[in-house]
Amino acid sequence: MRYKLLQEGDIQVCVIRHPRTFLSKILTSKFLRRWEPHHLTLADNSVASATPTGYMENSISYSAIEDVQLLSWENAPKYCLQLTIPGGTVLLQAANSYLRDQWFHSLQWKKKIYKYKKVLSNPSRWEVVLKEIRTLVDMALTSPLQDDSIHQAPLEIVSKLLSENNNLTTQDHESIIVAIAPLLENNHPPPDLCEFFCKHCRERPRSMVVIEVFTPVVQRILKHNMDFGKCPRLRLFTQEYILSLNELNAGMEVVKKFIHSMHGPTGQCPHPRVLPNLVAVCLAAIYSCYEEFINSRDNSPSLKEIRNGCQQQCDRKPNLPLRLLHTSPDLVSQEATLTESRLKPVIVTSNEIHVEVERNNTANQKMTASVGNDSEPNLIDCLMVSPTCSTMSIELSAQADRILGCYVEILKMLSDYDDWRPALASLLQPIPFPKEALAHEKFTKELKYVIQRFAEDPRQEVHSCLLSVRAGKDGWFQLYSPGGVACDDDGELFASMVHILMGSCYKTKKFLLSLAENKLGPCMLLALRGNQTMVEILCLMLEYNIIDNNDTQLQIISTLESTDVGKRMYEQLCERQRELKELQRKGGPTRLTLPSKSTDADLARLLSSGSFGNLENLSLAFTNVTSACAEHLIKLPSLKQLNLWSTQ
């Protein structure tokens, strides 16, 4: 039978004095009028009377309880407990046997916990300590009590023991980890214990303890953790565990098997928290690769300085706390020679990252007029720096490079699972990476695979995340478009993104206008190279009258006629325009209602039987038309209202 662990104030007793015995009885409502009540509290250090009167005026410490027994006298009162203390005994009478057993196991648990705290607080021989830890774990596993503290209290005792004894050998570490492993199967390790596990992963990544003991612990964290913000050391432990897997001989193959085990063999992962937790771990690890550089500023170029070619980088002084915490000789010498280094390349050095910025003074002067306001520019605009203005290269240390490669590879693995891809695209849509990462060529090149997977997915909830999360913000579509800092393929990925977006519900004037304003040059270049998607884009721009400038229209027409596919599509566009003008010339009705139960064939015959160039209102309500009728509806140039009520 399982019992709930008693909490403070759960026992109310009344005390009657006997020569060597305090007899305590449970108070009923009738009993309360006759005797003054007392609370037998189970506080952290004692069993005490809440009201300091009578013979329980002084608290009874758990350490003072010599023994706890079920009362076994002949003809003794029912449901009683006997507490043996110096100078006498205390009898507690419960209302029933279940409550008596609950008290009995709770008091025994409290007494033993304080015993182990005392024994393990002053370790003498580690052989004895290890034996006591195993006994403590067995006691927690076999206890009939049900409470979070039953397993957490032993873990906290061991955690305190490890934090106060730093001179343990590696063998001692592994023996203790193996001893407490059964408690970790259903419990998160406390923060201090997580720090100890992180240290073990860093120092002995190939230890069998990492595979055999830490694997189920990390799996439980990823499946059940709800917020790493409340327990950041759990996230750090998960990061170090994955890095230790990457240090094995098989390397990323082991990590890939671990990710697959977290997803499961089926097509749908049964654990909804696994993906958000894995993404949180990846984002934090990638940020840590650039953290030394970010925290050692303000030496790194700001967004505005990146756009200006870092012209004003040396004019800025870091905040006082950063200057006190990160005083480096490079920074001091750089500030001392400020005026002398105006025309020289500036090298900003931190412990892990070297950023070299070469500036062209003439080009910077040309950009000054266009960037005169003090507001911080858009993120993608800041990273779109012309090579004539500045060249920015970020070099990570070997350790940071390994960490970056490992966790970007995990993001690639996550994007390969169809059921995870919509949620992953939504999590990455706001571009949750530092600007240093976006300016790092290796990072954007490796992440390109993930964006390509989003662009290939036919589901709208996936490829729509390529666009910005809200108006005024840029997204992956802008970052990987020609001219963006991440574009390294002459626009092939950009063409794929445009193709998938135009194929869903983004074939609108607004989308075409944004392309015409920002990406007309790349679109014409790709169309000139025979890209069919871009040819279609240019034709739609002409058809919807997106381009107002006559010279630009003629240039688009010349681009279309330079390739076979463009010439063919442009001729089809001209043919449609002639037909539309002919329909408008002939006129016809302005309103039309199709009979109920009409089909696509009926609609086609009706529209082909006469002229409907002036038709503005068409009702297809309660008909059997399908999406196939769209090819006929788009030929109505004046159509403004379409009623599709109760259709397919």
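The values are calculated or read from the model by the stated rules, or taken from the named source; none is laboratory data. Model, not experiment: these values are computed from the prediction. Ideal geometry is used to build each Cβ from the backbone, glycine not excepted, and the neighbour counts take in all protein chains shown. Heads up: the accessible areas ignore ligands, DNA and RNA and are worked out on the full protein's heavy atoms, side chains in. Shrake-Rupley method; radii C 1.70, N 1.55, O 1.52, S 1.80 Å.
Go through 191-198, 605-612, 622-629 and give me the packing order, highest mean Cβ count within 10 Å leading.
191-198, 622-629, 605-612
What relative contact order, as a whole-number percentage, does the stretch 507-584 give when Cα pairs under 8 Å and 6 or more residues apart are counted?
Worked out over the stretch 507-584, it gives 31 percent.
Please calculate the 1.4 Å probe accessible area of K445, with all protein chains present, and give it to the nearest 10 Å².
Its heavy atoms expose roughly 130 Å² to the probe.
Test of understanding: what is the full-extension gain from Y98 to M139, defined as 0.36 nm times their sequence separation minus their Cα-Cα distance? All intermediate terms of the calculation are to be shown ahead of the outcome.
Details: separation 41, 0.36 × 41 = 14.76 nm, distance 2.06 nm.
Working it through step by step, the gained length comes to 12.7 nm.
Round to the nearest 0.05 the FRET efficiency obtained for R578 and E461 when R0 = 30 Å and r is the Cβ-Cβ distance. Intermediate results must be reported in sequence, preceding the final value.
Numbers: r = 40 Å, r/R0 = 1.33.
Step by step, r from the Cβ atoms, then E = 0.15.
Taking R0 as 51 Å, what FRET efficiency do you get between T599 and H260 from their Cβ-Cβ distance, rounded to the nearest 0.05? Before the final figure, lay out each step's value.
Working: r = 49 Å, r/R0 = 0.96.
According to the calculation, E is roughly 0.55.
If you average the sequence gap of Cα pairs under 8 Å that are 6 or more apart and divide by the length of the stretch 122-263, what percent do you get for the contact order?
22 percent
Points 7 angstrom from Cα along the Cβ direction at K230 and R529: gap in nanometres?
Label-label distance for K230 and R529, simple model: 5.1 nm.
Between the stretch 524-541 and the stretch 139-193, how many Å separate their Cα centres?
Here the answer is 64 Å between Cα centres.
Can you check how the C-alpha radius of gyration of the stretch 122-263 compares to 2.2 N^0.38 Å, as a plain ratio?
The stretch 122-263 yields a ratio of 1.05.
What residues of the stretch 135-179 lie in the reach of a label at M208, counting those whose backbone N is under 18 Å from a point 7 Å from the Cα along Cα→Cβ?
From the stretch 135-179, the list is 170-179.
For the stretch 274-286, take each phi angle, set θ = phi - 60°, evaluate the Karplus expression 6.51 cos²θ - 1.76 cosθ + 1.60, and give the result in whole Hz per residue in order, putting x for glycine and proline.
Each residue of the stretch 274-286 in turn: 5, 5, x, 5, 5, 5, 4, 5, 5, 5, 5, 5, 5 Hz.
For the stretch 586-643, state the semi-axes of the equivalent ellipsoid (square roots of 5 times the eigenvalues of the alpha-carbon gyration tensor), sorted largest first and rounded to whole angstrom.
Its equivalent ellipsoid spans semi-axes of 17, 12, 10 Å.
Could you order the peptides 255-262, 430-437, 637-644 from most to least packed, using the average number of other C-beta atoms within 10 Å per residue?
Top to bottom by mean Cβ count within 10 Å: 430-437, 255-262, 637-644.
Once label points are set 7 Å from the Cα along Cα→Cβ at both S611 and A398, what is their separation, rounded to one decimal in nm?
Those two pseudo-labels are separated by 8.2 nm.
If you put +1 on each Lys and Arg Cβ and -1 on each Asp and Glu Cβ, how big is the dipole of the stretch 70-163 around its Cα centre, in Debye rounded to 20?
300 debye
Taking 0.36 nm per intervening residue step and subtracting the Cα-Cα distance, what contour gain separates S504 from N518 on full extension?
2.9 nm is the gain from fully extending S504 to N518.
What distance in nm separates the simple spin-label points at K199 and N186, each placed 7 Å from Cα in the Cβ direction?
3.0 nm
Using amide H atoms built 1.01 Å from N in the peptide plane, name the residues 5+ places from T593, or on other chains, whose amide H lies under 5 Å from its own.
S619
If I take R0 = 35 Å and measure r between the Cβ atoms of S627 and D489 in this structure, what FRET efficiency does the formula 1/(1 + (r/R0)^6) give, to the nearest 0.05? Intermediate values should be presented prior to the final figure.
On the way: r = 34 Å, r/R0 = 0.98.
So, using R0 = 35 Å, E works out to roughly 0.55.
What relative contact order, as a whole-number percentage, does the stretch 586-643 give when Cα pairs under 8 Å and 6 or more residues apart are counted? Could the numbers behind the result be given before it?
On the way: 93 pairs, mean separation 24.7, N = 58.
Value for the stretch 586-643: 43 percent.
Given the peptides 536-543, 594-601, arrange them by the average over their residues of other C-beta atoms within 10 Å, most packed first.
Per-residue mean Cβ counts within 10 Å order the peptides as 536-543, 594-601.
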